[in-house]
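**Q** Here you go, one structure.
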Amino acid sequence: MKKYIVAILLLNLSYINAQDLKYYLPDSINYNPSIPKPKDIIYHEVGEWHVTHDRLVNYMKAIAVAAPDRVKFETIGFTYENRPQVLLIITSKKNHDRLEEIRKEHLQLSTQTTPKNIENMPAIVWIGHSIHGNESSGANASLLSAYYLAAAEGKQIEALLDNVVILFDPSFNPDGLQRFSTWANQHKSKNLVTDPNSREFNEVWPGGRFNHYWFDLNRDWLPAVHVESKNRLKWFQMWKPNILTDHHEMGSNSSFFFQPGVPTRVNPLTPEKNQELTTKIGKFHAQFMDRIGSLYFTKEGYDDFYYGKCSTYPDVQGCIGILFEQASSRGHAQETSNGILTFPFTIKNQFTATLSTLEAAKNLRKELLAYQKEFYQQSSARAANHSIKAYVFGDKKDKNKTKLFAEMLMRHNIQINHVSDDWGDKDFDKESSYTISLNQPQHSLIRGIFDKTLEYKDSLFYDITAWTMPLAFGINYKEIAENRIGKKVDVLREVKGEVVSKKSSYGYLIEWDDFYAPAALNEMLNDDIIVKVATNTFEISTNNSNKKFNYGTLLIPVQLQKINQEKLADKLQLIAEKYKIRIQAVESGNAITGSDLGSNKFITITKPSIAMLVGTGVNATDAGEVWHVLDQRMNMNVSQLEIGMFNRINLSKYNTLIMVGGSYGDLNKEKLKAWVQAGGTLILTEEAVSWSAQNGISDIKLKKIKSAVDSTKRDAYINRDQVEGAQQLNGAIFGAEADLTHPLAYGYNNKTVSMFKSNKVFMEKSKNPYATPFYYNTNPLQSGWLSKENTEAIKNTASVIVNTLGSGRVINIADNPNFRGFWLGGNKLFMNAIFFGRIIDAASGRMEE
């Protein structure tokens with residue numbers, strides 16, 4: 001051990017000499033001189049500067065041009081900022097000559113039928129780098145790996161390329177990498193500064209970790225909300241690799257981690273054989289790291305539980321996902337508890353891990369292929385042993401959200417079917433529902449999407465503990481004990497938007513149930529169309545029949561508009577087609593039951609002018625979720641205000657302000673309070689709720705949590721992390737009971753709404769009987785880990801409370817209604833807060849116009 005410590009310190013101090021490729025590359029191999037070295041294309045040595053994404057792509061293109069017999073360059077898509085996502089396919093010439101044949105043969109392994117003999121089949125390995133943009137040693141190491149695989153000569157590399165097809169992804173997160181590389185490079189000194197307090201090592205908010213919308217792409221493999229993930233998943237499912245690697249960074253005072261992770265925190269759907277192979281591959285990592293004297297650890301800290309993570313998603317698909325975590329230099333050289341950690345040293349470890357992975361793949365090729373074959377062939381047996389045989393899902397009132405859910409499933413190569421011809425369940429009609437059989441190759445992944453989990457081997461988790469996707473989407477679904485499915489779905493039904501009865505001289509109605517109804521409302525308000533919302537139910541004649549309309553129905557009265565009825569009809573037709581919603585024309589305001597259309601129960605909606613506080617202290621992912629749902633899904637503008645800007649400007653142009661989880665220490669509290677008192681709507685989520693209560697903005701009361709530590713008893717010091725960690729609420733799903741007559745619940749049709757909670761904000765119910773539209777009963781947990789103390793804390797608490805402050809409203813949402821962009825079931829609550837928050841009279845329960 002002592003020699004390893006000496007070695008690592010010497011390597012760390014060698015950054016001055018690390019600008020030569022000899023520092024990184026195996027010295028026993030000759031390299032083809034016709035292949036360009038990284039410096040020839042990116043204009044600096046590897047590790048001298050942080051490579052920018054454009055230069056990284058340029059090098060990958062150059063490699064493909066110089067070594068066409070080994071390397072094929074693919075552009076698999078583009079990011080939000082229109083940066084190319086590239087993939088190199090690297091293998092031998094003989095494999096390239098029959099590449100499509102190899103791919104199709106390999107895909108036979110992931111069927112339930114017996115595939116071709118695997119004796120001469122190459123293994124497929126996906127090497128992926130830096131999904132967190134500011135963990136850039138991986139992406140920089142890809143320069144070395146690409147050069148090595150293209151230029152190395154001899155029997156060793158030839159044997160590797162004959163036996164392995166490499167899908168080489170140099171940057172999982174191009175936008176984040178570009179942002180971080182710019183930061184690190186612009187703060188580099190000629191004489192490297194190693195002080196961790198220096199600006200080079202402390203990015204400004206939001207940092208380079210995230211994509212354009214400040215999302216963590218490492219959590220997006222299952223929901224696939226973002227374009228980067230959708231592009232990548234298409235290729236993952238096209239190839240079904242045997243190994244997928246995920247190169248990350250961790251705290252600077254650590255060393256190097258490779259899997260397996262914590263044994264008790266492996267998802268129970270992951271086969272034991274997966275962990276056995278992970279361990280075998282780990283022995284190759286250990287040998288290669290020992291060879292260069294690098295310290296490392298396994299089986300601690302990190303787990304394989306959430307299938308939305310890059311290194312865990314493959315584990316439920318006959319593939320071995322491998323996480324690497326390298327201690328981060330963050331800049332170019334930084335003081336740590338292990339000495340000076342240099343950027344070149346971190347790159348060398350990542351490059352070495354790539355070499356060890358490929359060596360493992362070559363040596364374990366047959367075992368990896370046999371495992372994948374066996375995994376999928378046994379899917380029928382797993383289905384037979386499972387009590388649930390199929391699922392049905394759909395919502396006739398929200399066909400858009402049904403389609404979004406179905407698209408998510410099909411992105412993972414999950415087979416969807418129509419409902420059967422003899423279907424008799426009135427809750428799921430044939431025109432808006434689908435079925436999924438569990439007797440299909442993706443059986444385990446389907447369970448990873450639909451299962452609820454309430455029992456766990458461990459109480460500590462690296463990430464969330466529950467993500468049951470139909471609950472997250474807020475979509476109706478049911479477990480079926482028999483395999484009742486209809487015809488295979490090749491193409492999903494189109495959702496058509498239309499104006500029913502075309503033109504009206506009186507008015508139009510839009511039901512609020514549809515996911516994109518808020519987007520349509522926003523567009524109408526932007527076009528200066530007067531829109532009212534129904535705060536009562538009513539029944540009215542439409543198309544020679546009577547139809548009932550629920551709370552939240554939108555009314556567009558024709559005679560109140562500035563434009564004539566023909567232009568209004570044309571605009572509404574365009575909006576219906578754009579957002580695929582149904583707009584009902586009516587010729588009379590006389591209701592059969594409930595409120596007439598001229599009643600004061602129809603309240604004019606004010607166009608929201610929205611700002612959100614961002615910057616230091618604010619949770620970037622929470623803010624990004626708001627930005628994304630408004631911008632991408634609802635086509636709505638939101639001004640992003642730094643706290644310093646908020647303190648300086650006139651706020652009168654905004655009528656809606658959003659504060660997500662975080663700390664707001666420098667915010668001018670009196671200015672915020674005065675703005676709300678003057679009529680503003682303040683929407684608070686998660687920890688912003690606590691901050692507001694503590695600073696006198698809202699009058700909610702927070703419930704105290706009983707300590708898990710018994711001060712009267714002694715305990716071993718070693719147990720401290722386990723006891724304290726078990727009290728963390730990493731993320732679980734709870735069913736909130738909703739008052740469906742309340743404006744914040746408009747558009748919901750089920751009294752129980754699934755909420756995602758990853759905080760300890762437990763609000764006491766309001767004493768005002770009308771001010772708690774969403775609340776938890778005595779047993780709200782639907783899926784996830786919850787300690788005994790937190791179980792008691794959440795009982796009979798409020799999920800949402802509305803309180804008045806002067807003429808304004810404070811909407812306190814204790815949970816995260818927009819979690820990771822896939823909690824579509826919470827988006828309606830959030831949009832209701834934006835559009836309907838100012839019509840709530842929380843003091844009396846009445847509505848005001």
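**Q** Taking 2.2 N^0.38 Å as the expected size of a compact globular protein, what ratio does the Cα radius of gyration of the chain give against it, to two decimals?
**A** Working: Rg = 28.6 Å, N = 849, 2.2 N^0.38 = 28.5 Å.
Ratio of Rg to 2.2 N^0.38 Å for the chain: 1.00.
**Q** Follow-up question, since we're still on this one. Counting only protein heavy atoms, what percent of the accessible surface of the range 430-469 is carbon or sulfur at a 1.4 Å probe?
**A** Taking all protein chains in place, the range 430-469 shows 41 percent carbon and sulfur surface.
**Q** Sticking with this structure for a sec: Residues of the range 98-234: accessible area per residue at 1.4 Å, in Å²?
**A** Using a 1.4 Å probe on heavy atoms only, each residue of the range 98-234 averages 32 Å².
**Q** For the range 23-73, report the accessible area per residue in Å² (1.4 Å probe, heavy atoms, rounded to an integer).
**A** Counting only protein heavy atoms, the per-residue value for the range 23-73 is 49 Å².
**Q** Grab the eigenvalues of the alpha-carbon gyration tensor for the range 489-601, scale each by 5, take roots, and send me the semi-axes largest first in whole angstrom.
**A** Equivalent-ellipsoid dimensions as semi-axes: 22, 17, 14 Å.
**Q** For a 26 Å ceiling on Cα separation, which of these pairs sit above it: K452/K751; K230/K496; K671/K757; K61/K366; K571/K828?
**A** Violating the 26 Å limit, Cα to Cα: K671/K757; K61/K366.
**Q** Relative contact order for the range 245-382: what percent, with Cα pairs under 8 Å and sequence separation of 6 or more?
**A** Numbers: 202 pairs, mean separation 46.4, N = 138.
Taking the mean separation of contacting Cα pairs over the length of the range 245-382, I get 34 percent.
**Q** Starting from the 7 Å offset along Cα-to-Cβ, what nm value, one decimal, do you get for the label separation of I649 and T182?
**A** Reported label-point gap for I649 and T182 is 2.1 nm.
**Q** Also: Could you work out, for the range 547-666, what percent of all Cα-Cα pairs fall into each 5 Å distance bin, beginning at 0 Å and stopping at the bin that holds the largest distance?
**A** All Cα pairs, binned at 5 Å, distribute as 2, 8, 14, 14, 15, 12, 11, 10, 8, 4, 1, 0 percent.
**Q** Can you give me the P(r) profile for the range 344-383? Cα pairs, bins 5 angstrom wide beginning at 0, each as a whole percent.
**A** In whole percents, the pair-distance histogram is 5, 22, 14, 13, 13, 12, 10, 6, 4, 1.
**Q** Now for a different question. At most 15 other Cβ atoms within 10 Å and a DSSP loop assignment: could you name the GluC sites (Glu not before Pro) in the range 415-489 that fit?
**A** Values: sites: E431, E455, E479, E482; in loops: E431, E455, E482.
Sparse-neighbourhood loop GluC sites (Glu not before Pro): E431, E455, E482.
**Q** What trypsin sites (Lys or Arg not before Pro) in the range 148-205 are in a loop by DSSP, with at most 11 other Cβ atoms within 10 Å of the Cβ?
**A** K190
**Q** Moving on to the next point. Do you know the relative contact order of the chain, to the nearest whole percent, from alpha carbon pairs under 8 angstrom that are 6+ apart?
**A** On the way: 1839 pairs, mean separation 89.3, N = 849.
In percent, rounded to a whole number, it is 11.
**Q** Follow-up. Please work out whether the range 716-837 counts as rounded, prolate or oblate from its C-alpha gyration tensor, where a ≥ b ≥ c are the square roots of the eigenvalues and a/c under 1.5 means rounded, while otherwise a/b larger than b/c means prolate and anything else oblate?
**A** prolate
**Q** Please sort by residue number the trypsin sites (Lys or Arg not before Pro) in the range 578-676 whose DSSP state is loop and whose Cβ has at most 15 other Cβ atoms within 10 Å. Intermediate results must be reported in sequence, preceding the final value.
**A** Details: sites: K578, K580, R582, K601, R633, R648, K653, K669, K671, K673; in loops: K580, K601, K653.
Of the trypsin sites (Lys or Arg not before Pro), the ones in loops of the range 578-676 whose Cβ has at most 15 other Cβ atoms within 10 Å are K653.
**Q** Rounded, prolate or oblate: pick one for the range 271-329, where a ≥ b ≥ c are the square roots of the eigenvalues of its C-alpha gyration tensor, a/c under 1.5 means rounded, and failing that, prolate if a/b is larger than b/c, else oblate.
**A** In terms of gyration-tensor shape, oblate.
**Q** Also: Please report Rg (one decimal) and Dmax (integer) in Å for the Cα set of the range 545-617.
**A** Values for the range 545-617 (Cα only, Rg and Dmax): 16.5, 57 Å.
**Q** Please report, largest first and rounded to whole Å, the three semi-axes of the ellipsoid equivalent to the range 20-125, where each semi-axis is the square root of five times an eigenvalue of the C-alpha gyration tensor.
**A** Working from the Cα gyration tensor, I get semi-axes of 31, 20, 12 Å.
**Q** Using the Cα gyration tensor of the range 264-380, with a ≥ b ≥ c the square roots of its eigenvalues, what is the shape: rounded (a/c below 1.5), prolate (a/b larger than b/c) or oblate (neither)?
**A** Prolate, because a/c is 1.5 or more and a/b exceeds b/c.
**Q** Next question, about the same structure. Just to confirm the number: angle between the C-alpha axis of helix 517-526 and the first principal axis of the chain, 0 to 90 degrees, nearest 10?
**A** In the chain, helix 517-526 runs at an angle near 70 degrees to the longest axis.
**Q** To the nearest 10 degrees, how steeply does helix 824-836 sit against the main Cα axis of the chain, on a 0 to 90 scale?
**A** The angle comes out at about 50 degrees.
**Q** May I ask for log10 I(q)/I(0) of the range 157-292 at q = 0.22 Å⁻¹, from a Debye sum over the Cα atoms as equal point scatterers with solvent left out?
**A** Taking Cα atoms of the range 157-292 as identical point scatterers yields -1.41.
**Q** Suppose a student asked you for the relative contact order of the range 730-849, using Cα pairs under 8 Å spaced at least 6 residues apart; what percent would you report?
**A** So the answer I get is 29 percent.
**Q** When the Kirkwood hydrodynamic radius is evaluated over all pairs of different C-alpha atoms of the range 317-470, what value in angstrom, to one decimal, is obtained?
**A** 19.9
**Q** Can you work out the FRET efficiency for the pair Q108 and K496, with r the C-beta to C-beta distance and R0 = 35 Å, to the nearest 0.05?
**A** Details: r = 38 Å, r/R0 = 1.10.
Approximately 0.35, to the nearest 0.05.
**Q** Please report, in Å, the Rg and the Dmax of the range 314-381, where both are computed over Cα atoms only.
**A** 17.8, 54
The values are calculated or read from the model by the stated rules, or taken from the named source; none is laboratory data. Computed from a predicted model, the values in this text were never measured in an experiment. Please note: Cβ atoms are built from the backbone with ideal geometry, for glycine as well, and neighbour counts cover all protein chains shown. What goes into the accessible areas is simple: the full protein's heavy atoms, side chains included, and nothing from ligands, DNA or RNA. Shrake-Rupley method; radii C 1.70, N 1.55, O 1.52, S 1.80 Å.
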